[in-house]
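The values are calculated or read from the model by the stated rules, or taken from the named source; none is laboratory data. What you are looking at is a predicted structure, and each value in this text was computed from that prediction instead of being measured. When we count neighbours, we look across all protein chains shown, and the Cβ atoms used for this are built from the backbone with ideal geometry, even at glycine.
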Amino acid sequence: MKKVVAVLLISLLTACASQTKKSDAEVEDKSAGAKPATEAPRATTEAAPTLNPLTDPNNILSRRSVYFEFDSFVVKDEYKSLVGAHAGYLRSNPNARVLLQGNTDERGSREYNLALGQKRADAVRYAMTLSGAKESQIESVSLGEEKPRASGHDEASWAENRRVDIRYQGE
Amino acid sequence: MTGIIYGFPRIPLKAILMQVRLRRFYSSAVVLFLWLSGANAYATLNIEIFGGGATQIPIAIVPFAAEEKISQSITPVVAADLQRSGLFRLVDPAGLRPHEPVEVSYPDWVNRGAGALVIGSTTILAGGQVAIRFQLLDVAKQEQLMSYAETVPAEQLRAAAHRIADMIYEKLTGDVGVFSTRIAYVVKQGKKYSLQVADADGYNAQPVIEYTEPIISPSWSPDGTKLAYVSFENKKPVVYVQHLATRARKAVANFRGSNSAPAWSPDGSKLAVVLSLMGGSQIFLINADGGGLQRLTQSSGIDTEPSFSPDGRYIIFTSDRGGSPQIYRMPVAEGVSRSAERLTFEGSYNVSPRYSPDGKSFTFIHRGGGGFNVAIQDMATRQVQLLTDSRFDESPSFAPNGRIILYATEIKGRGILSAVSSDGRTRQQLSTQAGDIREPAWGPMRRLQN
């Protein structure tokens, strides 16, 4: 419990202290990653100390998906606390490594969608580095439209598939 | 090859194609083929023609002498090839069975409406090899157009039949036949992905590699001995090159981030690949063995789907640098200005470009009001022609003679392969017995084995 809270505090502090820098990814929303983890502590209050924070369902770190609008790679405000919490975890666990997998819906060219998924993963990586995670801890890759979580051919399925998944090494 | 005589009253190809009409057609024929092919161990592709015109070359093909005794009859393969091209109409021999030119009564064939006549024979030799001989005859002029003989092992009878179809096609149309070529594609069945290679008529489908993770973007080496492709078996896209004969394979682009969209240089020495290694998705050159990394494009956005010009001097590719995905061209050689020139301007989504074999045009996917369609654009005039009217077309690739474009499309939610003539006038559908089929790539020319 203490550790988790400490992690999150560090995340807050480092997020504020981190320098903004130009990213290769075109993040249209200039505030992306600037206000991380504001809601994070609330989610940890019921965490049992023996649980792995990454898998504890009451811990925000167990949430692993960031969703996107159609044809967009902007990290929406509602996911900034989630992204910030993971950045904080990486910051306080320097040996942790994370794989960000970008996904798209099924419409259009497979290779172009692969590149679009990469832009989404890069946007999350950028937000995480702004919150203090090291570049070397994060690999952003794309699965494009190849690994849909929802198999339907409707807007609900497409929305589910426009997302970045956060996977820790060893998972 | 002997006895090549010109003078067959050729119907000009353009005149034929002017009258070939495209018609829409749905899946009853496909269902029949699915049922017929149910017994095969591997998904065999079946091909149905949708189109064809009134002014096709009328050709009669007489079953070769003794071909019912060999393991694979020759003439049914030849007839199917020629018919599939959309440029021929099969004339029923109706009981006539000449096997030698001296046995041909030309007036009988004139009466049957044949313009060209194919006769021949097969002989099983000691050791199981088969000697094949055929003649192509001009019915109107009562002349022999060509004569050919070869001896092949029994397991190469289909290949020999495709070669014969190529020779007939070339002689009568003046164009290069592609019946001896192969195609590659990916079949998704349940959770299994299978990269397969088949003959251009869909037979002899063989899995190259099978995984429970996706495989995309197969690309043939120019000599037809290797395939490059993208596999997701390691939680991210990695580019592999695999030898078809030995099955040996190597990860040639497995850099940090995503690795995808392999395209061979025409001399086979290099691959253009798309890497996110240095941010964004950018096009790089690597040696075919994976070494010698060199960056080609420099943009802050997406540059992907490279395709080399036949002379190797340019690539065309998809880029969103102008705000929407469009097709650009840039020189490849070092020391020249590598500024990219935008090629497409119609619409807000033009992707997946592939150079034509003569370099004078490119095919691509254009999103219009009705969906994603195969289009072709002339390099010089920039004129665009839409070739299809379906909803979800993807991954177009040219046959090595430039006459046909193979692409993936969808019928009732199931992925299938289709082919359209590069003038848009004839269309074929290819199907498998089950599964989603996608990511087709038409292989290069194979050299005649004499």
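Could you list all residues from the stretch B:202-224 that are more than 16 Å from the chain's Cα centre (by Cα) and either outside the structural domain of B:Gly279 (by TED's automatic domain parsing) or of a type in the set (Ser, Thr, Tyr) (or both)?
B:Tyr211, B:Thr212
Return yes when B:Thr304 is modelled with pLDDT of 95 or more and outside any strand (DSSP E or B) and no when it is not.
Values: modelled with pLDDT of 95 or more: yes; outside any strand (DSSP E or B): no.
The answer is no for B:Thr304.
State which residue is nearest to the other protein chains (Cβ to nearest Cβ) when the search covers only the stretch B:247-297 and only residues that are among the aromatic types (Phe, Trp, Tyr) and in a strand (DSSP E or B).
Per the criteria, the residue is B:Phe284.
Given (1) in contact with a Leu (Cβ under 6 Å, 6 or more places away or on another chain); (2) within 14 Å of another protein chain (Cβ to nearest Cβ); (3) under 19 Å from B:Lys188 (Cβ atoms), where does B:Leu430 come up short, assuming only one miss?
Failed condition: (2).
Could you say which residue among B:Pro325, B:Pro306 is assigned by TED's automatic domain parsing to the domain that holds B:Glu233 and either in contact (Cβ under 8 Å) with a residue 60 or more places away in the chain or closer than 22 Å to B:Ala380 by Cβ (or both)?
Residue meeting the stated conditions: B:Pro306.
Looking at B:Gly224, is it at pLDDT below 95 and out of contact with any helix residue (DSSP H, G or I) (no Cβ under 8 Å at 6 or more places or on another chain)? Talk me through it step by step, then tell me what you get.
On the way: at pLDDT below 95: no; out of contact with any helix residue (DSSP H, G or I) (no Cβ under 8 Å at 6 or more places or on another chain): yes.
So B:Gly224 fails the test.
Can you confirm whether B:Val239 is closer than 22 Å to B:Pro396 by Cα, in contact with a Phe, Trp or Tyr (Cβ under 6 Å, 6 or more places away or on another chain) and in a strand (DSSP E or B)?
No.
Out of everything in the stretch B:205-223 that is more than 14 Å from chain A (Cβ to nearest Cβ) and among the β-branched types (Val, Ile, Thr), what residue ends up being nearest to B:Gly190 (Cα to Cα)? Don't jump to the end; show me each part of the working.
As a first pass, look at the stretch B:205-223 and keep what is more than 14 Å from chain A (Cβ to nearest Cβ): B:205-210, B:220-223.
Those still in the list that are among the β-branched types (Val, Ile, Thr) too: B:208-209.
Working: B:Val208: 18, B:Ile209: 16 Å.
Among those residues, the one meeting the criterion is B:Ile209.
Which of the residues belonging to the stretch B:224-245 are on the phi > 0 side of the Ramachandran plot and either surrounded by 23 or more Cβ atoms within 10 Å (Cβ to Cβ) or within 14 Å of another protein chain (Cβ to nearest Cβ) (or both)?
If the condition is that a residue be on the phi > 0 side of the Ramachandran plot and either surrounded by 23 or more Cβ atoms within 10 Å (Cβ to Cβ) or within 14 Å of another protein chain (Cβ to nearest Cβ) (or both), then B:Lys235 is the only one that fits.
Looking only at the stretch B:334-367, filter to residues that are assigned to a loop (DSSP other than H, G, I, E, B) and within 22 Å of the chain's Cα centre (by Cα); which one of those is farthest from B:Pro218 (Cα to Cα)?
B:Lys360
Determine which member of the set A:Arg97, A:Arg64, A:Arg91 is within 12 Å of chain B (Cβ to nearest Cβ) and surrounded by fewer than 24 Cβ atoms within 10 Å (Cβ to Cβ).
Details: A:Arg64 fails: within 12 Å of chain B (Cβ to nearest Cβ); A:Arg91 fails: within 12 Å of chain B (Cβ to nearest Cβ).
Testing whether each residue is within 12 Å of chain B (Cβ to nearest Cβ) and surrounded by fewer than 24 Cβ atoms within 10 Å (Cβ to Cβ) leaves just A:Arg97.
Does the stretch A:118-140 contain any residue that is more than 8 Å from every other protein chain (Cβ to nearest Cβ), buried (at least 24 other Cβ atoms within 10 Å of the Cβ), in contact (Cβ under 8 Å) with a residue 12 or more places away in the chain and touching a Pro at 6+ places or on another chain (Cβ under 6 Å)?
Looking through the stretch A:118-140, at least one residue is more than 8 Å from every other protein chain (Cβ to nearest Cβ), buried (at least 24 other Cβ atoms within 10 Å of the Cβ), in contact (Cβ under 8 Å) with a residue 12 or more places away in the chain and touching a Pro at 6+ places or on another chain (Cβ under 6 Å).
Give A:Lys147, A:Lys80 a once-over and let me know the one that is surrounded by 23 or more Cβ atoms within 10 Å (Cβ to Cβ), among the basic types (Lys, Arg) and in contact (Cβ under 8 Å) with a residue 40 or more places away in the chain.
Within the list A:Lys147, A:Lys80, the selection yields A:Lys80.
Somewhere in the stretch A:69-79, is a residue within 14 Å of another protein chain (Cβ to nearest Cβ) and either farther than 29 Å from B:Phe317 by Cα or touching a strand residue (DSSP E or B) at 6+ places or on another chain (Cβ under 7 Å) (or both)?
no
Out of the strands (runs of 3 or more DSSP E) lying entirely within the stretch B:86-193, which hold 1 or more residues that are in the same structural domain as B:Leu244 (by TED's automatic domain parsing) and hydrophobic (A, V, I, L, M, F, W, C)?
B:182-189
Where the second residue is buried (at least 17 other Cβ atoms within 10 Å of the Cβ) and the first is of a type in the set (Asp, Glu) and lies in the stretch B:149-160, which pairs have Cβ atoms under 7 Å and are six or more apart or on separate chains?
Close Cβ pairs satisfying both conditions: B:Glu150/B:Ile132; B:Glu150/B:Ala160.
Among (1) in contact with a strand residue (DSSP E or B) (Cβ under 8 Å, 6 or more places away or on another chain); (2) at pLDDT below 95, where does B:Lys141 come up short?
Exception for B:Lys141: condition (1).
Condition first: within 14 Å of another protein chain (Cβ to nearest Cβ) and crowded, with 20+ Cβ neighbours inside 10 Å. Can you find one or more residues in the stretch B:376-387 that meet it?
Scanning the stretch B:376-387 turns up no residue that is within 14 Å of another protein chain (Cβ to nearest Cβ) and crowded, with 20+ Cβ neighbours inside 10 Å.
Does B:Glu346 fit the bill of being in contact with a strand residue (DSSP E or B) (Cβ under 7 Å, 6 or more places away or on another chain), at pLDDT below 95, exposed (fewer than 14 other Cβ atoms within 10 Å of the Cβ) and not hydrophobic (A, V, I, L, M, F, W, C)?
yes
Among the listed residues B:Ala248, B:Ala272, B:Ala261, identify the single one that is under 25 Å from the mean Cα position of the chain (by Cα) and free of Cβ contacts under 8 Å to residues at least 24 places away in the same chain.
B:Ala248
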